[in-house]
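K.L.:
Pasting in a structure now, in structure tokens, and then I'll have a few things to ask.
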Amino acid sequence: MRARLQGARLGGPVAFVVLLVSGCTLLNRVERDLLPPPDGGIDAPVDAPFDVLNDLTSDGPPRDREMDACARAREICDDSMRVDEDCDGLRNCSDFDCAGHAACCMSGTSRIESWEDPGLTGWQPLPMSAPRSPRVQDNRLVFLGDSWVSVRRDACTPLASGVEIDVKFHLERVVTGCGSTPHRACVASLVLTPALDVVPGRRLLADLAVEVTVDPSMDNSRLQVRRETEVIGSVYSGAGLGHVLAVTVRLSPDVDARGRPVLAAEVLGTNESMAGEGFVLVERTPLLPVDELVRDYTECDRSPGLFVALEGTGDGVRVGQLVERRLDCTNPVQFRRPSGVDDAVLDAERLGFVRRVDGAVEGWASGGIAAPALMHTEPSSGTYRWDVLVDGTDVDRPLEHVADIGFAIGHATSTAWNGAWMSTPPPAPRAGDCHPSCVGPPAGACVSMSNCASGLRILREPSFALSSSPANFVYAIAQRNVGEPYRIRLLDTSRSAATSIGGFNDPLSLPEDCENVRDPMIVARGTGSTGSGFAYLLFYTCERDGAPSQIRVAGISAMLGATIPSDGGIVLDPASLPAYARGGVRAPEVIADYDEMGRGSFLMWFTARSARGSTVIALARGESEPGQLPRTFTPYPGNPVLRHDEPALGPCHGECEVLGLGVTRRANAPSTVRLLVSRRVSTATGVRYELVPLEQTWPRPWD
């Protein structure tokens with residue numbers, strides 16, 4: 001049982017002047033004020049009934065009292081009863097507050113250092129201009145002399161998805177003191193630093209340092225935790241000479257009170273020489289913003305982090321085994337590119353929708369593709385398949401803002417992301433016209449296939465879900481004819497990309513206050529949800545006259561009819577969101593996970609537009625009870641999660657804009673979510689539309 005000790009500050013902060021030699025790397029502290037305090041845009045729903053008879057009691061209305069209790073409560077992340085303690089509509093690991101909790105993180109790879117190599121392979125003694133290396137003795141690091149000796153791991157340690165570092169400090173029996181000075185205290189320290197180097201005799205810059213000091217004049221030791229020069233935890237451990245102190249530093253993703261994604265730290269200690277008596281040195285607290293971590297260095301180029309270092313003076317405290325464990329916690333703002341055999345950026349040519357003839361791009365999607373939908377399945381045992389849907393046109397896509405232009409739907413499949421993709425045989429799209437815009441005469445084989453004589457067809461924003469028939473998908477699109485509003489149409493048909501779709505069912509009847517209904521996202525219900533009256537959920541964008549767009553939901557029956565909730569099914573309204581979404585929210589992309597009882601947990605990425613017109617990707621979560629539609633979604637307090645300049649998207653040599661994305665769980669790795677981000681890149685030589693694959697860790701809440 002850990003005893004909770006108050007980390008008392010011993011004296012004031014000590015100023016350490018760190019002057020780094022030429023060539024070292026430092027991260028400057030920056031301000032990032034994305035969201036206004038205090039709640040980052042979260043409005044916690046309270047479902048308890050309001051009793052008007054109690055409205056005039058001295059304690060205030062019951063609703064107010066419950067809201068006060070919710071505001072004071074903290075979510076219990078491993079609660080077996082799945083109670084929503086903080087009343088934000090999310091429970092246990094589905095609550096954003098639980099992202100870094102041990103019960104909600106997966107165990108990743110470990111790196112163990114047992115100090116068997118006297119040459120310290122993989123470590124850089126510092127300063128690099130005149131390195132002084134600690135000595136390796138009996139599988140421990142020994143720091144000799146009166147001045148500071150430092151050693152830094154060569155590779156950067158990724159931290160954005162969480163890491164746990166265990167280190168053992170051995171308190172040696174020193175009679176006369178450390179170094180050549182009588183009664184000098186001995187110190188050894190674990191340091192997390194953004195710095196590559198240090199000035200001789202000085203200490204490393206520390207974003208976090210855990211140091212153990214032993215004074216030979218007293219049989220005790222002090223543990224102290226610093227954040228730069230500020231002491232954030234300090235305690236006398238009760239460990240004396242000859243004892244072993246084990247320290248655990250746990251770093252995990254979090255969001256601070258200003259809505260900024262941060263790295264949080266927790267530091268625990270155990271005296272292994274006293275039957276494992278433990279104590280809390282620092283309770284979980286924000287350490288530094290994620291955007292201040294090191295990015296451009298070995299092993300941190302995909303996931304940012306810091307350097308692990310050790311430093312000390314005198315030989316009285318020696319460093320034993322050091323273990324780093326990756327935690328793979330969910331971090332909504334941490335994206336990574338897939339592995340090298342699975343990381344190709346897709347475009348219309350790679351997917352087979354266009355071809356090059358004498359240097360020119362020809363085909364129904366020559367004007368660019370966007371609005372991707374993505375699915376990963378296992379159609380047969382051991383064979384996995386990617387399916388990608390997009391919309392495209394044969395003229396410049398931005399022309400849609402000034403004129404009616406035609407769009408068609410493309411479908412491509414592959415068993416290997418970086419391999420060959422198969423699509424509907426050219427020149428036909430999967431659905432729509434081979435000459436969508438009807439501008440100029442159709443060319444080549446499209447002449448006999450063009451439907452332009454019967455009028456312009458505009459098929460947009462496709463999505464799909466698994467059908468009850470194993471050979472089929474249920475497809476959803478937004479479609480309109482010239483002079484008419486967008487309406488959503490569905491069709492249950494073959495999942496084969498090689499066959500064309502001639503037409504879809506009649507438009508769904510959706511709320512009349514929506515001038516246009518667009519961006520359909522159809523989601524299959526869980527197996528425990530049968531008998532609820534609908535087999536699918538349909539999330540969609542409601543464009544309103546004179547008001548920002550909303551995201552809504554409807555139930556879809558097995559016969560593909562729609563059921564609209566009495567309140568219109570609003571799940572996300574920009575009126576309740578901060579400035580990044582004041583211009584509207586749209587294009588929901590949803591991952592749904594159901595338990596055996598039919599309870600649903602939902603991840604929803606969506607595009608948000610500010611009043612100034614900038615577009616970003618944001619995230620929200622929701623839940624549903626068996627047989628019910630999900631209600632209001634809770635936005636991630638660190639939104640937006642993705643901007644056009646996200647490093648994982650790759651360099652943007654020109655002007656870039658994020659247009660939307662598609663998402664799916666990987667069938668062969670269900671805790672991994674693949675995101676396919678649609679981006680427009682404008683350069684001096686032209687415009688290209690690309691689909692960039694990214695990944696995140698999102699364990700299923702019911703596993």
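K.L.:
Of everything in the stretch 149-183, what is assigned to a loop (DSSP other than H, G, I, E, B), open to solvent by 50 Å² or more (accessible area, probe 1.4 Å) and either modelled with pLDDT of 90 or more or among the acidic types (Asp, Glu) (or both)? Give them in sequence order. Spell out how you get there, then give the answer.
P.N.:
Taking the stretch 149-183 and keeping what is assigned to a loop (DSSP other than H, G, I, E, B), we get 154-156, 159-162, 172-183.
From the residues that got through so far, the ones that are open to solvent by 50 Å² or more (accessible area, probe 1.4 Å) too are 154, 173, 175-176, 180-183.
154 - this is the single residue of the stretch 149-183 that is assigned to a loop (DSSP other than H, G, I, E, B), open to solvent by 50 Å² or more (accessible area, probe 1.4 Å) and either modelled with pLDDT of 90 or more or among the acidic types (Asp, Glu) (or both).
K.L.:
Looking at (1) assigned to a strand (DSSP E or B); (2) under 26 Å from residue 370 (Cβ atoms), can you tell me which one residue 499 breaks?
P.N.:
So the condition that residue 499 fails would be (1).
K.L.:
Looking at (1) at pLDDT 95 or above; (2) out of contact with any Pro (no Cβ under 9 Å at 6 or more places or on another chain), can you tell me which one residue 684 breaks?
P.N.:
Only one criterion in (1) at pLDDT 95 or above; (2) out of contact with any Pro (no Cβ under 9 Å at 6 or more places or on another chain) is unmet by residue 684, namely (1).
K.L.:
Let me ask something additional. Please list, ordered by first then second residue, the pairs with beta carbon atoms under 7 Å, 6 or more apart or interchain, first in the stretch 349-361 and on the phi > 0 side of the Ramachandran plot, second part of a strand (DSSP E or B).
P.N.:
As it stands, the answer is 352/412; 352/422; 352/423, since those pairs meet every condition given.
K.L.:
Would you call residue 233 open to solvent by less than 40 Å² (accessible area, probe 1.4 Å), touching a residue at least 24 places away in the same chain (Cβ under 8 Å) and under 22 Å from residue 172 (Cβ atoms)?
P.N.:
On the way: open to solvent by less than 40 Å² (accessible area, probe 1.4 Å): yes; touching a residue at least 24 places away in the same chain (Cβ under 8 Å): yes; under 22 Å from residue 172 (Cβ atoms): no.
Taking the combined requirement at face value, the residue does not satisfy it.
K.L.:
Considering only the stretch 491-503, state which residues are more than 35 Å from the chain's Cα centre (by Cα) and open to solvent by 30 Å² or more (accessible area, probe 1.4 Å). Before you say what the answer is, go through the steps one by one.
P.N.:
Step one: of the stretch 491-503, the residues more than 35 Å from the chain's Cα centre (by Cα) are 499-503.
Scanning the stretch 491-503 gives 499, 500, 502, 503.
K.L.:
How many residues are of a type in the set (Lys, Arg) and touching a Leu at 6+ places or on another chain (Cβ under 9 Å) if we restrict to the stretch 531-567? I'd like the intermediate steps shown before the answer.
P.N.:
Within the stretch 531-567, the subset of a type in the set (Lys, Arg) is 544, 552.
Right, trim to touching a Leu at 6+ places or on another chain (Cβ under 9 Å) and you get 552.
Matching residues across the stretch 531-567 total 1.
K.L.:
Separate question: Scan the stretch 336-363 for residues that are in a loop (DSSP other than H, G, I, E, B) and over 30 Å from residue 673 (Cα atoms) and report the count. Break it down stepwise before answering.
P.N.:
Pass one, the stretch 336-363, residues in a loop (DSSP other than H, G, I, E, B): 337-345, 347-354, 358-359, 363.
Subset that is over 30 Å from residue 673 (Cα atoms): 358-359, 363.
Result for the stretch 336-363: 3.
K.L.:
Quick check, is residue 338 closer than 23 Å to residue 606 by Cα and open to solvent by 20 Å² or more (accessible area, probe 1.4 Å)? Please lay out each step first, then the result.
P.N.:
Values: closer than 23 Å to residue 606 by Cα: yes; open to solvent by 20 Å² or more (accessible area, probe 1.4 Å): no.
Considered against the rule, which asks whether it is closer than 23 Å to residue 606 by Cα and open to solvent by 20 Å² or more (accessible area, probe 1.4 Å), residue 338 comes out as no.
K.L.:
Still on this structure, I have one more. Going through the stretch 448-496 one residue at a time, which ones are on the phi > 0 side of the Ramachandran plot and outside any strand (DSSP E or B)?
P.N.:
Restricting attention to the stretch 448-496, the residues satisfying the condition of being on the phi > 0 side of the Ramachandran plot are 455, 461, 483.
Once the filter is applied, which keeps residues that are on the phi > 0 side of the Ramachandran plot and outside any strand (DSSP E or B), the stretch 448-496 yields 455, 483.
K.L.:
Please note which strands (runs of 3 or more DSSP E) are completely contained in the stretch 542-601 and include at least 1 residues that are of a type in the set (Ser, Thr, Tyr) and at pLDDT 95 or above. Explain how you work it out, then say what you get.
P.N.:
Details: elements: 547-556, 570-572, 584-594.
Those strands (runs of 3 or more DSSP E) span 547-556.
K.L.:
Are any of the residues in the stretch 100-121 under 27 Å from the mean Cα position of the chain (by Cα), assigned to a loop (DSSP other than H, G, I, E, B), among the aliphatic types (A, V, I, L, M) and at pLDDT below 90?
P.N.:
Scanning the stretch 100-121 turns up at least one residue that is under 27 Å from the mean Cα position of the chain (by Cα), assigned to a loop (DSSP other than H, G, I, E, B), among the aliphatic types (A, V, I, L, M) and at pLDDT below 90.
K.L.:
What pairs come out if I take residues in the stretch 419-433 that are of a type in the set (Ser, Thr, Tyr) and pair them with residues that are open to solvent by less than 10 Å² (accessible area, probe 1.4 Å) and outside any loop (DSSP other than H, G, I, E, B) whose C-beta lies under 7 Å away, six or more apart or interchain?
P.N.:
Going by the 7 Å Cβ cut-off, the qualifying pairs are 423/410; 423/411; 423/412; 424/411.
K.L.:
When you scan the stretch 297-313, do you find a residue that is assigned to a loop (DSSP other than H, G, I, E, B), of a type in the set (Val, Ile, Thr), surrounded by fewer than 20 Cβ atoms within 10 Å (Cβ to Cβ) and over 19 Å from the mean Cα position of the chain (by Cα), even just one? Before the answer, list the steps.
P.N.:
Filtering the stretch 297-313 for residues assigned to a loop (DSSP other than H, G, I, E, B) gives 297-304.
Then drop every residue that is not of a type in the set (Val, Ile, Thr), which leaves 298.
Filter once more, keeping what is surrounded by fewer than 20 Cβ atoms within 10 Å (Cβ to Cβ): 298.
When the remaining residues are screened for being over 19 Å from the mean Cα position of the chain (by Cα), the result is 298.
Looking through the stretch 297-313, at least one residue is assigned to a loop (DSSP other than H, G, I, E, B), of a type in the set (Val, Ile, Thr), surrounded by fewer than 20 Cβ atoms within 10 Å (Cβ to Cβ) and over 19 Å from the mean Cα position of the chain (by Cα).
K.L.:
Then there is this: So how many residues does the stretch 529-560 have that are without any contact (Cβ under 8 Å) to a residue 12 or more places away in the chain and in contact with a strand residue (DSSP E or B) (Cβ under 9 Å, 6 or more places away or on another chain)?
P.N.:
Matching residues across the stretch 529-560 total 1.
K.L.:
Right, something else. Taking into account only those residues within the stretch 369-412 that are open to solvent by less than 10 Å² (accessible area, probe 1.4 Å) and among the small types (Gly, Ala, Ser), which is farthest from residue 500 (Cα to Cα)?
P.N.:
Applying the filter and picking the extreme gives 370.
K.L.:
Are any residues in the stretch 429-447 assigned to a loop (DSSP other than H, G, I, E, B) and under 37 Å from the mean Cα position of the chain (by Cα), and if so, which ones? So that I can check it myself, show each step before the final result.
P.N.:
As a first pass, look at the stretch 429-447 and keep what is assigned to a loop (DSSP other than H, G, I, E, B): 429-430, 432-443.
429, 430, 432, 436, listed by residue number.
K.L.:
Looking at residue 448 and the list (1) under 18 Å from residue 362 (Cα atoms); (2) open to solvent by less than 80 Å² (accessible area, probe 1.4 Å); (3) of a type in the set (S, T, N, Q), which single condition is not satisfied?
P.N.:
Residue 448 satisfies every listed condition except (2).
K.L.:
Which residue out of 583, 561, 569 is over 23 Å from the mean Cα position of the chain (by Cα), of a type outside the set (D, E, K, R) and crowded, with 21+ Cβ neighbours inside 10 Å? Give the steps one after another, and end with the answer.
P.N.:
Values: 583 fails: crowded, with 21+ Cβ neighbours inside 10 Å; 561 fails: crowded, with 21+ Cβ neighbours inside 10 Å.
That would be 569, the only listed residue that is over 23 Å from the mean Cα position of the chain (by Cα), of a type outside the set (D, E, K, R) and crowded, with 21+ Cβ neighbours inside 10 Å.
K.L.:
If you don't mind, there's one more thing I want to ask. For the stretch 611-623, which residues satisfy the criterion of being within 17 Å of residue 576 (Cβ to Cβ) and open to solvent by 20 Å² or more (accessible area, probe 1.4 Å)?
P.N.:
611
The values are calculated or read from the model by the stated rules, or taken from the named source; none is laboratory data. Source: prediction; values computed, not measured. Methodologically, a virtual Cβ is constructed for each residue, glycine included, from the backbone with ideal geometry; neighbour enumeration extends over all protein chains shown. Keep in mind that these areas ignore ligands, DNA and RNA; they rest on the heavy atoms of the full protein, side chains included. Shrake-Rupley method; radii C 1.70, N 1.55, O 1.52, S 1.80 Å.
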